[in-house]
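Inspection log for the structure reproduced underneath, given as structure tokens.
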């Protein structure tokens, strides 16, 4: 049975954590099927927080490792959704 695993990541202090996040995106790039980043932008300002949605794929142990790495970053809250069919 195939699982669909989605991470919803709320990131605060985006400017200070962006490099750490990108390192994890790169390391686990073969386990990230889809990535969508959302943050508030106006002509005068860019929000310091944001949300990233990740559709994960591949080895579940690697997916769990990625989850732990994201959660280890200060200012990151990760919620995981698992859909089985």
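The values are calculated or read from the model by the stated rules, or taken from the named source; none is laboratory data. Quick caveat, the model's predicted, so the values are computed rather than measured. With ideal geometry, Cβ positions are generated from the backbone for all residues, glycine too; neighbour counts draw on all protein chains shown.
Which one of 18, 66 is touching a strand residue (DSSP E or B) at 6+ places or on another chain (Cβ under 9 Å), in a helix (DSSP H, G or I) and in contact (Cβ under 8 Å) with a residue 12 or more places away in the chain? If you could, list the steps in order and put the result at the bottom.
Working: 18 fails: in contact (Cβ under 8 Å) with a residue 12 or more places away in the chain.
After applying the criteria, what remains is 66.
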Take residue 62 and tell me if it is modelled with pLDDT of 95 or more, farther than 15 Å from residue 10 by Cβ and over 13 Å from the mean Cα position of the chain (by Cα). yes
Any residue at all in region 26-46 that's surrounded by fewer than 13 Cβ atoms within 10 Å (Cβ to Cβ), part of a helix (DSSP H, G or I) and out of contact with any helix residue (DSSP H, G or I) (no Cβ under 9 Å at 6 or more places or on another chain)? yes
Among residues of region 47-57 being modelled with pLDDT under 95 and part of a loop (DSSP other than H, G, I, E, B), the residue surrounded by the most Cβ atoms within 10 Å (Cβ to Cβ) is 48
Unique residue being surrounded by 11 or more Cβ atoms within 10 Å (Cβ to Cβ), outside any helix (DSSP H, G or I), touching a strand residue (DSSP E or B) at 6+ places or on another chain (Cβ under 6 Å) and on the phi < 0 side of the Ramachandran plot when the list is 73, 6: 6
